Amino acid sequence: MAKTKRGKGLWNTPSRGRGTCPICLSTRIKLLYSATNSDGKLVKVCKKCSAVDAKTADKAVSTENLGFRGKLRKALNRQKQTV
Ligand SMILES: [Zn+2]
């Protein structure tokens, strides 16, 4: 089986397979795993969050358009606390 989560194949994916995880809000992490929320929707998450249950996946926030800048860190942490 091809390694879909490693190596050059990632470079062709949007932002090279990396981003901010919508659940744990880790930045610059690989978003190659998916979690299913209670609507049956797939959420792109990091490896750590690939095992979360639907309840946790419901709390996912949209981080798609966030960059990797540290500036966002504070805002993310605030979001995290309110979840
Ligand atoms: Zn995560």
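Within the range 7-27, can one find any residue that is of a type in the set (Lys, Arg) and part of a loop (DSSP other than H, G, I, E, B)?
No, the range 7-27 contains no residue that is of a type in the set (Lys, Arg) and part of a loop (DSSP other than H, G, I, E, B).
Kindly provide the set of residues from the range 34-47 that are in contact (Cβ under 8 Å) with a residue 24 or more places away in the chain and farther than 21 Å from residue 78 by Cβ, ordered by number.
Within the range 34-47, 35, 44 qualify.
Contact list please: Cβ distance under 6 Å, first residue in the range 14-30 and closer than 20 Å to residue 53 by Cα, second residue of a type in the set (Ser, Thr, Tyr) and in a loop (DSSP other than H, G, I, E, B), pairs at least six apart or on different chains.
20/27; 20/63; 22/63
Among the numbered conditions (1) out of contact with any strand residue (DSSP E or B) (no Cβ under 6 Å at 6 or more places or on another chain); (2) modelled with pLDDT of 90 or more, tell me where residue 4 comes up short.
With respect to (1) out of contact with any strand residue (DSSP E or B) (no Cβ under 6 Å at 6 or more places or on another chain); (2) modelled with pLDDT of 90 or more, residue 4 is out only on (2).
Filter the range 47-61 for residues that are over 19 Å from residue 17 (Cα atoms), part of a helix (DSSP H, G or I) and not acidic (Asp, Glu) and give the result.
Within the range 47-61, the subset over 19 Å from residue 17 (Cα atoms) is 52-59.
This time we only want the ones that are part of a helix (DSSP H, G or I), so: 54-58.
Once the filter is applied, which keeps residues that are over 19 Å from residue 17 (Cα atoms), part of a helix (DSSP H, G or I) and not acidic (Asp, Glu), the range 47-61 yields 54, 55, 56, 57.
The values are calculated or read from the model by the stated rules, or taken from the named source; none is laboratory data. Since this is a predicted model, take the numbers as computed values, not measurements. All Cβ positions, glycine included, derive from the backbone under ideal geometry; neighbour counts span all protein chains shown.
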